[in-house]
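Every number here is computed from the coordinates shown, using simple stated rules; none is lab data. What you are looking at is a predicted structure, and each value in this text was computed from that prediction instead of being measured. Please note: Cβ atoms are built from the backbone with ideal geometry, for glycine as well, and neighbour counts cover all protein chains shown.
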Amino acid sequence: MGDASWQFQLTRGDYLRVLDRAAEWSIVGGTVYDAIIARAAEKVKSDQRLTFNVRHFRRVWPESGDIIQEP
């Protein structure tokens, strides 16, 4: 296999943080998956997030500012 240095794992705490926030903000359904993806992007400190679903990602991760953009 190739270099796996970029790989990471979300911890139990990461998932609990996402689920707590989702419950607090009444986020349900598929938007919870967006929140998990947002947490993963935050954890690896990505400097740009591209999605066709900007509104959902900004809802679950409002502190992201303008780094969430449509391609």
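Judged by the gyration tensor of its Cα atoms, with axes a ≥ b ≥ c, the chain is oblate; a/c meets the 1.5 cut and b/c is at least as large as a/b. Remark: spin-label model distance Asp20-Val32 equals 1.7 nm, labels positioned 7 Å along the Cα→Cβ axis. Projecting the Cα positions of Gln7, His56, Ala23 onto the charge dipole of the chain (unit charges on Cβ atoms of Lys, Arg, Asp and Glu, taken about the Cα centre) puts Ala23 furthest along the positive direction.
Computed from backbone phi, the HN-Hα couplings of region 22-39 come to 4, 5, 4, 9, 6, 8, 9, x, x, 5, 5, 5, 4, 5, 5, 5, 4, 5 Hz, rounded to whole numbers (Karplus: 6.51 cos²θ - 1.76 cosθ + 1.60, θ = phi - 60°; Gly and Pro given as x).
Trp25 sits among other residues whose Cβ lies under 15 Å from its own Cβ, and their net charge, with Lys and Arg +1 and Asp and Glu -1, is +2. Distance in nm between label sites at Thr11 and Ala40, each 7 Å beyond Cα in the beta-carbon direction? In this crude label model, Thr11 to Ala40 measures out at 1.9 nm.
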